[in-house]
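The structure appears below as structure tokens.
Values in this text are rule-based calculations from the coordinates and carry no lab data. Here the structure is a predicted model, which is why all the values come from computation and not from measurement. With ideal geometry, Cβ positions are generated from the backbone for all residues, glycine too; neighbour counts draw on all protein chains shown.
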Amino acid sequence: MRVSIHWTYKHPKGREVKLQSDMMPAKEALFLGEDFEKTGRTKEIIFYDTSDQAWTKKELQKLLKGIETEPQEIVTFFDGGYDIQTHKAGLGIVIYFTQSNKQYRLRKNAVFEEINSNNEAEYAAFWLLLQELENIGVHHTEVIFKGDSQVVLNQLSGEWPVYEDEFIRWIERIEVKIKELGIKPSFEPISRKLNKEADQLAFQALNGTDIDSRLELTQE
């Protein structure tokens, strides 16, 4: 969950100014809000989430306590590789998330058959990603989707038009699942170089290597 901090700064001589921060993880915002209060010059601290809903400090603390066992701060990557000879697609997905104050990385790949293009393979990879998000219990939270497919991400965001019937079917299925899970999506096209984890998983799938792992990440 990401929020911005809105607060009023009061100068010792009585002057006041209203200030606002950028969006940041809710835990970081609470930490900063409490630090602002220690100065004795801050009042009326309110936190606003990405839906523009307002939260007091106590309300936000209670919310975070209630959801700390659920996946949060979710950043995902996906990629689809296509074999034109076999009409098979290798799919690769990576999910980074925080749960119970621990950080995890999930990596998974799969093979889909009867795929007709590389773009369709990318849609299939995105669908696999949504299925895995559902499996780990993601719901009613923000999710950042990253991939090197400009077509998929720009069509899903509505930036680009969709004409192909097979893509329309994928998009309809994906939109239903996103709504069902209550996900607030953010689509971020990235370069192939920055998507190398998912790309490697897709390549391994096409070459018969199955990957399905969950790793707790430790801070050095």
**Asked** Taking the chain as a Gaussian network, where each spring joins two C-alpha atoms under 10 Å apart, which residue of W127, W160, W170 fluctuates the most?
**Response** W160
**Fill in**
Cα-Cα pairs in segment 22-110 separated by more than 23 Å, as a whole percent of all pairs, come to 46
**Request:** Evaluate E = 1/(1 + (r/R0)^6) for E44 and V75, where r is the Cβ-Cβ distance and R0 equals 41 Å; express this FRET efficiency to the nearest 0.05.
**Result:** 0.80
**Message:** As an exercise, identify the trypsin sites (Lys or Arg not before Pro) in segment 15-76 lying in DSSP coil whose Cβ has no more than 15 other Cβ atoms within 10 Å.
**Reply:** R15, R41
**Request:** Show which lysines lie in cross-link reach of K27 when reach means a straight Cα distance below 27 angstrom and same-chain residues fewer than eight apart are skipped.
**Result:** K10, K18, K38, K43, K57, K58, K62, K65, K102, K146, K179, K184
**Asked** With all pairs of different alpha carbon atoms counted, what Kirkwood hydrodynamic radius in Å does segment 67-107 show?
**Response** 11.9
**Prompt:** Which residue fluctuates the most in the chain, going by a Gaussian network model with Cα springs under 10 Å, if the choices are G33, G182, G158?
**Reply:** G158
**Asked** By how many degrees, between 0 and 90 and to the nearest 10, does the Cα long axis of helix 118-135 differ from the longest principal axis of the chain?
**Response** 50
**Message:** Under the rule a/c < 1.5 gives rounded, and otherwise a/b versus b/c splits prolate from oblate, where does segment 106-188 land using the Cα gyration tensor?
**Reply:** oblate
**Complete:** P(r) of the chain over all Cα-Cα pairs, 10 Å bins starting at 0, rounded to whole percent, reads 8, 29, 29, 18, 11, 4, 1, 0
**Message:** Cut-off under 18 Å on the C-alpha distance; same-chain residues fewer than 8 positions from K177 excluded. Which aspartates and glutamates are left, in chain and number order?
**Reply:** E120, E122, E132, E134, E142, E166
**Message:** Can you compute the FRET efficiency between I168 and Q131 using 1/(1 + (r/R0)^6), with r the Cβ-Cβ distance and R0 = 30 Å? Round to the nearest 0.05.
**Reply:** 0.90
**Prompt:** What 222 nm value per residue comes from the helices of the chain, counting each DSSP H run with n ≥ 4 as -39,500 (n - 2.57) and dividing by all residues, nearest 500 deg cm²/dmol?
**Reply:** -11000 deg cm²/dmol
